[in-house]
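Written out below as structure tokens is the structure these notes cover.
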Amino acid sequence: DLVTSILTDSDSFQDLTVKIERPTYRKPFLGGFKHRITGVEFHNAGSQTVPKKRPDKGIEVFCRETQTVFEKNKLQQTINTTSTQMTKIGLYVSNMTDKIIRPGKYITADEYHKRRLEAVIVLQTYFRRWHAINLVQNLREKKRLRLEWEAQEELKKKKEKEEKLQSEYRRRQDPKTKEDYELLYHALEVWRQEETKRINKSLTGTERKAALCGLLEQETQLIASIGRYKLDTDEENRQQTILRFLGKCAQPKSWKAFDGKITEMDTQYTLRARELLEIYRSISMNDIPKGERIDVLLTLRRTVKEHDCKLTQEIVELIDREVDLMMRDVKECNLEGLRKRICTLFLQYIKTPKFNPEVARILKVPPDPLQLYKNVNFCRSCKNYLPASEFAVPASSRTIGRCRLCCKIDNEARKREAFLKYRLMLKNLRESEADYQDDTKIVYLIQQQDMQYMVEKIWDCQSALSACDDLYDLVMVRWDKHHEWSPWNTILLSKDEADAHLKLCNLQEAYEAVFIHRINRKHIQAKKYFAQIPRMASFLHRSGDQTNTN
């Protein structure tokens, strides 16, 4: 505070206390002046009073400067002065560049507008001609592109069909898998039926019986040759299956990191499995030099001697026997049986979790025998107890029935049907339903036999629209794409028809009432067939409630 005296009257003073507030901010420089003689600087100062803040009214206010336009009139004159001059006495001006202007015909307003209208009509005529030419050219171009696309699609379909036929031919020529032998037996049955029909049509009496006996003998020889080839294929497939199994055991542990990279790590168990895989691969090789074979056998001997048991003792004994026979120059053809026994026993050694701990997580047979009593069913055909995964149970079946192997043997001996097309159709259906990501369940309850019944009995093995009967080109899709797939919400179409069907928004407007009524009858037929299944009953009630709600 500052105390100052103020003169109130002529002789009296009054003390007044002045409060000085120190500003919290730096004052701006407002200019000033400097004394010329003394050199003292004097600065302009502002008041110490803090400006009062205006109350906020809650309304955003904008400030805008205004500017007045000042106008003034100013006369201007051209700076170029021109003059004219005419011919006179004593002066000649040439008229060679002069123009003679004659007044034309006077045009009224009506005549002027009429001429403008005629010109506009001419312009419209040429423009419409140009537009029509462009439109026709665009239509021709679209037609050309459409015809090229149709020709390419036709060529593509023809090429795919040829490739499919060639693939089937190659699979029958050199079968490797179960599906290949299924196609081969189906082709054999088709040939037998054709030959039987030809014999019954052309021959009678004893000639017919002799021809049928000859046909039976040919069929028997073909079946025997297929069986011999199948044995070789099974042995080759078995060896590949063993190597794949051992490769799974030797794979390192891997996981995906936060940045998307895959990290792999080897453990002591995976390294052990990889070592056993390399030894088994070396033991299984044929036509290797004698010295390398002996080195491999000695490596195997050192590996199995780490554990002392009856199995390892037998392997060591067989290894010593083979080395002794090889040192005596015994032919390799006489050693095949001994080498197979060594491979078999060493594979048994690898599959033992005690010697190879990594194999325990891949073995189908659990180490604990008590777990085998769970999910075990009895096959009434081969009289064996097998796990539930070995039985193909249709959705409409009430009993377990026969195992997969018995069904396969019975099919090869009797009907010789090819189920590959139904398996492909079911696989394509499940893949397409997985893309919807709406937690559909019914499609995974349907089995191959159910798909075969639906295609053959309900949809008559043909497309509902075009009656196409090529099962390899037919697919099952949703009838109403907004509801999950079910046997009573499906339609059998070709691939092109299915793509067009799934793009429809309103089925009532896209199809006629007769066609919709025919599809509904097939859905009712499917409901009657699948209504006897207890698991399907809940889905039937749910779909009925959903239909009533809609």
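Here are the numbers for this structure:
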quantity	calculated
Average projected area [Cα convex hull, the range 284-363], square nanometres	5.4
Whole-Å semi-axes of the chain's equivalent ellipsoid (Cα gyration tensor)	90, 56, 35
Filter on 427/495; 161/528; 176/340 - keep pairs with C-alpha separation over 25 Å	161/528
Ranked order, 86, 326, 285 - accessible area, probe 1.4 Å, largest first	86, 285, 326
Per-residue ³J(HN,Hα) for the range 386-392, Karplus 6.51 cos²θ - 1.76 cosθ + 1.60, θ = phi - 60°, Hz, x for Gly and Pro	10, x, 5, 5, 8, 10, 9
222 nm mean residue ellipticity, helices alone, for the chain (DSSP H n ≥ 4; -39,500 (n - 2.57); rounded to 500)	-17500 deg cm²/dmol
Residue 136 - accessible surface, heavy atoms, 1.4 Å probe, Å² rounded to 10	70
Shape of the range 111-253, Cα gyration tensor, a/c cut at 1.5	oblate
Reachable aspartates and glutamates, given that their alpha-carbon falls under 17 Å from the alpha-carbon of residue 481 and they are not under 8 places away in the same chain	431, 433, 435, 438, 439, 496, 497, 499, 509
Whole-Å distance, taken between Cα centres, linking the range 211-273 and the range 411-477	27
Accessible area in the full protein assembly, largest first, 1.4 Å probe, for 476, 327, 265	327, 265, 476
The chain - percent of accessible surface contributed by carbon and sulfur, probe 1.4 Å	53
Cα gyration tensor shape for the range 178-248, rounded if a/c is under 1.5, else prolate or oblate	prolate
Relative contact order for the chain, counting Cα pairs under 8 Å that sit 6 or more residues apart, in percent	6
Residue 377 long-range amide H proximity, modeled H, under 5 Å	386, 388
Span-like helix ranges in the chain, DSSP H, alpha carbon extent 15 angstrom or more, Kyte mean at least 0.0	310-327, 336-350
5 angstrom amide H check on residue 477, placed H, neighbours 5+ away	491, 493
Peptide ranges 399-409, 111-121 listed from the most packed, as the mean C-beta count within 10 angstrom indicates	399-409, 111-121
Long-range tail of P(r) for the range 406-541 (Cα pairs > 24 Å, %)	30
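The values are calculated or read from the model by the stated rules, or taken from the named source; none is laboratory data. On a predicted model such as this, the values are computed, not experimentally measured, just so you know. Here the Cβ is made from the backbone with ideal geometry for all residues, glycine too, and neighbour counts use every protein chain on show. Heads up: the accessible areas ignore ligands, DNA and RNA and are worked out on the full protein's heavy atoms, side chains in. Shrake-Rupley method; radii C 1.70, N 1.55, O 1.52, S 1.80 Å.
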